[in-house]
Amino acid sequence: MKEQKYLKWYNKIGYGSGDLAGNVVYAFLAAFSMFYLSDTMGLDMGIVGTIIAVSRVLDAITDLIFGGIMDRTHTKMGKARPWMLWGYIGCAITLVACFAIPANWGDTAQYIFFFIAYTLLNAVFFTVNNIAYGALTALITKNVNERVQLGSFRFIFAYGTTIAIQYITVDAANALGGGPEGWRAIAILYALIGLVVNTISCLSVKELPEDTSEKLPPVRFGRSCAIL
């Protein structure tokens, strides 16, 4: 018996483009935050590494908490799409903050600023957006082949975005003025691109009615697509 199809080609591409938005944040942060903090801001990498490690522990906790919250969400947009849509606004703001540490502040204030911005981005807003995005695979189609195709589109967008970010970012930051100003400018540019693409991705699909959707637990797929 032939499986019912739920998605058009543009739904699949639209959904997959969400990994462009996700990797604009994740690939940029993972590849260049240390470079920015050490070479541009002159911060101690031992302290920064400790800050990141503590933030990652908090991230593991918030993953579990938000998975339960999303599972109890019921809105006209569905369970996952509202979190995916609004969570990225926080991602955009805190991404810029991570690359906009006030240069005239003292070292301690700069470390605190980065810890707050990085933790909000990594352990709160990216968690909200990314878990919701990953869970959508099971919420927009029950067709096994379509779910596999969605994963393929995600990988293409994730891989392409990661390569592009790694290739152009340093030159782009230098072209935008270099130093703290250049990194802040490229972070703003990436945040705006991600915000637009994430919105398109979120609105390009619709969740199936809850009574016909499979009751699957939310799974975090987004970061596994990042090619770092």
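Listing for the model above:
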{"quantity": "Residue list for region 46-56, filter: of a type outside the set (K, R), touching a residue at least 24 places away in the same chain (Cβ under 8 Å) and either open to solvent by 10 Å² or more (accessible area, probe 1.4 Å) or in contact with a strand residue (DSSP E or B) (Cβ under 9 Å, 6 or more places away or on another chain) (or both)", "calculated": "I47, I51, I52, V54"}
{"quantity": "Failed item, numbered, when L43 is tested on (1) of a type outside the set (F, W, Y); (2) under 19 Å from A100 (Cβ atoms); (3) open to solvent by 20 Å² or more (accessible area, probe 1.4 Å)", "calculated": "(3)"}
{"quantity": "Wholly within region 1-77, helices (runs of 4 or more DSSP H) carrying at least 3 residues that are hydrophobic (A, V, I, L, M, F, W, C)", "calculated": "18-35, 45-71"}
{"quantity": "Single unsatisfied condition, A117 versus (1) open to solvent by less than 10 Å² (accessible area, probe 1.4 Å); (2) closer than 17 Å to D59 by Cβ; (3) in contact (Cβ under 8 Å) with a residue 60 or more places away in the chain", "calculated": "(3)"}
{"quantity": "Filter result (of a type in the set (A, V, I, L, M, F, W, C) and either surrounded by fewer than 18 Cβ atoms within 10 Å (Cβ to Cβ) or over 21 Å from I188 (Cβ atoms) (or both)) within region 1-29", "calculated": "M1, L7, W9, I13"}
{"quantity": "Subset of region 131-152 [within 12 Å of L208 (Cα to Cα) and open to solvent by 50 Å² or more (accessible area, probe 1.4 Å)]", "calculated": "K142"}
{"quantity": "Filter result (within 16 Å of the chain's Cα centre (by Cα) and not small (G, A, S)) within region 28-81", "calculated": "F28, L29, F32, R56, D59, T62, D63, F66, R81"}
{"quantity": "When residues of region 161-174 are limited to those that are polar (S, T, N, Q) and open to solvent by 30 Å² or more (accessible area, probe 1.4 Å), the one nearest to Y88 (Cα to Cα)", "calculated": "Q166"}
{"quantity": "Filtered residue count, region 175-199, keeping only those that are buried (at least 16 other Cβ atoms within 10 Å of the Cβ) and either in contact with a Lys or Arg (Cβ under 9 Å, 6 or more places away or on another chain) or in contact (Cβ under 8 Å) with a residue 40 or more places away in the chain (or both)", "calculated": "14"}
{"quantity": "Flag for W105 being open to solvent by 30 Å² or more (accessible area, probe 1.4 Å) and within 15 Å of the chain's Cα centre (by Cα)", "calculated": "no"}
{"quantity": "Of all residues in region 79-100 being outside any helix (DSSP H, G or I) and open to solvent by less than 10 Å² (accessible area, probe 1.4 Å), the one that is nearest to F32 (Cα to Cα)", "calculated": "F99"}
{"quantity": "Residues within region 200-228 that are open to solvent by 90 Å² or more (accessible area, probe 1.4 Å) and either modelled with pLDDT under 95 or over 16 Å from the mean Cα position of the chain (by Cα) (or both), tallied", "calculated": "7"}
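The values are calculated or read from the model by the stated rules, or taken from the named source; none is laboratory data. These figures come from a predicted structure and were not determined experimentally. All Cβ positions, even for glycine, are placed from backbone atoms using ideal geometry, and neighbour counts span all protein chains on display. Ligands, DNA and RNA are excluded from the accessible area calculation, which covers all protein heavy atoms including side chains. Shrake-Rupley method; radii C 1.70, N 1.55, O 1.52, S 1.80 Å.
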